[in-house]
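Undergrad: Handing you this structure, nothing more for now.
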Amino acid sequence: MESDASRILHELQSLRASKSDIDRRISALETQLHQINLLNDSVPNGSHHSISTIDNSHLNGPHAHYLTPEMIHRYSRHLLLPSFGVQAQSNLLKSSVLVVGAGGLGSPALLYLAACGVGRLGIVDHDVVELNNMHRQIIHTEAFIGQPKVKSAAAACRSVNSTVQIVEHHEALRTSNALGIFSKYDVIVDATDNAPSRYMISDCCVVLGKPLVSGAALGLEGQLTVYNYNGGPCYRCLFPTPPPTTACQRCADSGVLGVVPGIIGCLQALEAIKIASVVGEPLSGRMLLFDALAARIRIVKIRGRSLQCKACGENATFTQQEFQEFDYEKFTQSPLSPSPLKLNLLQADSRISSKEYHDRVVNGDAHVLVDVRPAHHFEIVSLPNSLNIPLPSLEARLPEISSALKEEEERKGVSSGSSAQLYVICRRGNDSQRAVQYLHKTGFTSARDILGGLESWAHDVDPNFPTY
Amino acid sequence: MQLTLEFGGGLELLCESVKIHNVNVDPQNGAEKLIMKDLLRWVRTNLIKERPEMFMKEDSVRPGVLVLVNDCDWELSGQLDTTLEEKDVVVFISTLHGG
């Protein structure tokens with residue numbers, strides 16, 4: 001059985017490798033073909049006749065546009081729009097857009113940008129596709145789980161529109177590579193998920209003079225605006241001082257309804273299309289606030305460019321060099337690639353591993369297990385016989401712990417002199433340490449936390465235990 | 001003076017998860033007009049039930065909170081000195097970073 005599995009895995013791996021090689025070759029050939037077509041269309045009476053060369057009497061002179069018959073067919077519904085038409089589509093085809101982040105916002109943004117026919121579409125992401133991404137990151141398919149998001153997103157974009165040049169930047173965006181990547185594009189779309197990246201992307205756009213379409217979503221709310229466009233404000237004009245780290249929630253902790261970033265990502269594609277095709281009024285100097293639960297969209301007027309802004313203000317001298325040396329993680333007190341927090345608040349003897357805890361349960365040791373996660377987490381999954389007391393209510397519910405310990409001692413017939421043990425667990429082992437610290441102060445001196453929480457239980461003890 | 005106060009972007013969690021508050025606030029300390037600075041202090045005392053530091057820093061809102069008076073950034077109306085009028089809608093919204 002095991003050798004079968006490893007043989008299949010091996011075969012999958014080699015098939016995937018050849019598939020990605022073929023994808024690369026297809027993409028390169030398509031780009032070549034696209035360029036040949038463009039060249040031919042600019043030559044009158046060339047082998048590829050566009051409408052403009054055959055029937056240019058209806059246009060303002062010859063070569064008013066270079067759309068090929070295939071392009072005219074593909075983008076016909078755009079061309080039929082009087083307020084979009086040939087001119088806007090031609091602008092779009094000549095433009096380039098970079099999407100930073102192929103996640104919840106980037107997924108729909110990339111699909112629409114590929115479909116609408118921007119000339120070149122870049123994707124930056126360093127992450128891999130995971131099962132718990134799929135509910136919102138709709139560009140990825142199950143077959144790509146475990147593979148780089150950039151590769152997955154690029155394959156999806158190519159399958160939607162093989163005539164767009166898709167550029168894969170499979171790397172984390174840093175001050176060291178941002179200038180080089182951004183300078184190759186006309187419009188930047190911020191589809192990232194953390195504060196330091198947002199400051200870094202905005203500053204880089206200011207330094208290079210690129211318009212920035214910025215979207216964000218969390219829980220059941222979304223926000224959207226365009227920065228650094230036509231004299232409008234940049235991110236720092238609006239938020240000169242970074243927020244405290246405790247105010248920066250992540251989808252992985254707070255949750256997000258999948259369709260919410262989907263809606264904001266679609267609107268980001270729309271704003272990028274408007275800027276790239278030079279139509280309409282981009283959402284600059286205004287911000288869209290979306291409340292999914294109340295079904296309300298509000299568009300508010302925000303301040304203009306701040307004269308005092310450190311990045312784009314009147315006396316700002318923020319140079320490329322300064323940008324490259326700026327420490328965004330220090331500035332915002334949070335990492336550019338957020339990974340779960342790993343606190344270490346307790347002495348080793350106040351902690352036990354999930355394996356040790358498992359041994360004690362098997363032994364039948366008298367104990368009480370307190371789970372300090374929020375009630376809606378507890379509802380998802382919990383260990384048997386655990387007592388849910390969310391951390392914020394711990395202070396008020398200490399008597400419940402005392403009586404649970406007493407009950408357990410009576411039930412297990414613990415001899416006087418020894419007592420039932422008190423263990424505390426949470427999702428990843430941070431809140432459980434905070435709880436144990438508090439319990440130690442309030443007289444529960446033997447309380448211990450389970451290292452790494454339920455995630456370590458799933459990893460080290462019970463692989464069938466659900467993780468979220 | 002009747003005002004509608006709204007909290008969003010997670011700030012509603014500081015006021016028992018209620019987003020919209022229809023309130024009556026009069027000018028403070030015998031002043032003739034109600035200004036944002038006084039309203040902030042009133043909100044902190046009367047509506048914020050936990051972690052006030054997530055709402056305010058010193059006399060103003062904490063970094064990362066946008067204040068909108070009638071759908072307009074308070075930077076455009078005088079920030080803390082903005083004078084409020086009957087039926088004004090004031091929105092406090094925390095900027096989001098997720099995606």
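The values are calculated or read from the model by the stated rules, or taken from the named source; none is laboratory data. Bear in mind that the values here come from a model prediction, so they are computed numbers and not experimental data. Cβ placement follows ideal geometry from the backbone for every residue including glycine, while neighbour counts extend to all protein chains displayed. Areas reflect the complete protein model, heavy atoms only, side chains present, ligands, DNA and RNA absent. Shrake-Rupley method; radii C 1.70, N 1.55, O 1.52, S 1.80 Å.
Undergrad: Look through A:Val167, A:Val206 and report the one residue that is assigned to a helix (DSSP H, G or I), open to solvent by 20 Å² or more (accessible area, probe 1.4 Å) and either within 14 Å of another protein chain (Cβ to nearest Cβ) or out of contact with any Pro (no Cβ under 6 Å at 6 or more places or on another chain) (or both). Quick ask: steps written out before the conclusion?
TA: Working: A:Val167 fails: assigned to a helix (DSSP H, G or I).
Among A:Val167, A:Val206, only A:Val206 is assigned to a helix (DSSP H, G or I), open to solvent by 20 Å² or more (accessible area, probe 1.4 Å) and either within 14 Å of another protein chain (Cβ to nearest Cβ) or out of contact with any Pro (no Cβ under 6 Å at 6 or more places or on another chain) (or both).
Undergrad: For residues in region A:307-319 being of a type outside the set (A, V, I, L, M, F, W, C) and either out of contact with any helix residue (DSSP H, G or I) (no Cβ under 9 Å at 6 or more places or on another chain) or farther than 18 Å from A:Leu208 by Cα (or both), which is farthest from the other protein chains (Cβ to nearest Cβ)?
TA: A:Thr317
Undergrad: Something else: If A:Ala295 satisfies every condition in (1) among the aliphatic types (A, V, I, L, M); (2) open to solvent by less than 20 Å² (accessible area, probe 1.4 Å); (3) at pLDDT 95 or above but one, which is the exception?
TA: So A:Ala295 meets the others, but not (2).
Undergrad: Another one. Mind checking which strands (runs of 3 or more DSSP E) fall wholly inside chain B and carry at least 2 residues that are more than 30 Å from A:Gly265 (Cα to Cα) and either of a type in the set (Asp, Glu) or free of Cβ contacts under 8 Å to residues at least 60 places away in the same chain (or both)?
TA: It comes to B:20-24.
Undergrad: Next question, about the same structure. For residues that are surrounded by 12 or more Cβ atoms within 10 Å (Cβ to Cβ) and either under 33 Å from the mean Cα position of the chain (by Cα) or under 13 Å from A:Leu439 (Cα atoms) (or both), tally how many sit in region A:370-391.
TA: Here the count works out to 15.
Undergrad: Any residue that is of a type outside the set (Gly, Ala, Ser), without any contact (Cβ under 8 Å) to a residue 60 or more places away in the chain, in a loop (DSSP other than H, G, I, E, B) and at the interface with another protein chain (Cβ under 9 Å from one of its Cβ atoms) - is there at least one of those in region A:245-263?
TA: Yes: one or more hits.
Undergrad: Being within 21 Å of A:Ala276 (Cβ to Cβ), of a type in the set (D, E, K, R) and more than 14 Å from chain B (Cβ to nearest Cβ) is the filter here; which residues of region A:170-198 pass it?
TA: Result: A:Lys184, A:Asp186.
Undergrad: Also: For the structure I just gave you, tell me whether A:Asn228 is on the phi > 0 side of the Ramachandran plot and modelled with pLDDT of 95 or more.
TA: When the stated conditions are applied, A:Asn228 passes them.
Undergrad: Kindly evaluate A:Phe239 against the criterion of being in contact with a helix residue (DSSP H, G or I) (Cβ under 7 Å, 6 or more places away or on another chain) and closer than 30 Å to A:Leu341 by Cα.
TA: Judged against the criteria, A:Phe239 is not a match.
Undergrad: Let me ask another. Since B:Met1 meets every condition but one in (1) open to solvent by 50 Å² or more (accessible area, probe 1.4 Å); (2) away from every other protein chain (no Cβ under 12 Å), which condition does it not meet?
TA: Checking B:Met1 against (1) open to solvent by 50 Å² or more (accessible area, probe 1.4 Å); (2) away from every other protein chain (no Cβ under 12 Å), the one that fails is (1).
Undergrad: With (1) over 17 Å from the mean Cα position of the chain (by Cα); (2) within 13 Å of chain B (Cβ to nearest Cβ) as the list, and A:Gly222 as the residue in question, which single condition is left unmet?
TA: Failed condition: (1).
Table: residues versus (1) in contact with a Ser or Thr (Cβ under 7 Å, 6 or more places away or on another chain); (2) over 30 Å from A:His78 (Cβ atoms).
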| position | (1), (2) |
| --- | --- |
| A:Cys234 | yes, yes |
| A:Pro244 | no, yes |
| A:Gln249 | no, yes |
| A:Ser254 | no, yes |
| A:Ile264 | no, no |
| A:Glu271 | no, no |
| A:Val278 | no, no |
| A:Ser284 | no, no |
| A:Leu293 | no, yes |
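Undergrad: Would you point out the residue of region A:177-193, among those that are assigned to a loop (DSSP other than H, G, I, E, B) and open to solvent by less than 10 Å² (accessible area, probe 1.4 Å), that is nearest to A:Gln333 (Cα to Cα)?
TA: Step by step, filter region A:177-193, then rank; the result is A:Ala191.
Undergrad: Every residue in region A:241-256 that is closer than 23 Å to A:Glu455 by Cα and surrounded by 19 or more Cβ atoms within 10 Å (Cβ to Cβ), please.
TA: The answer is A:Cys248, A:Gln249, A:Cys251, A:Val256.
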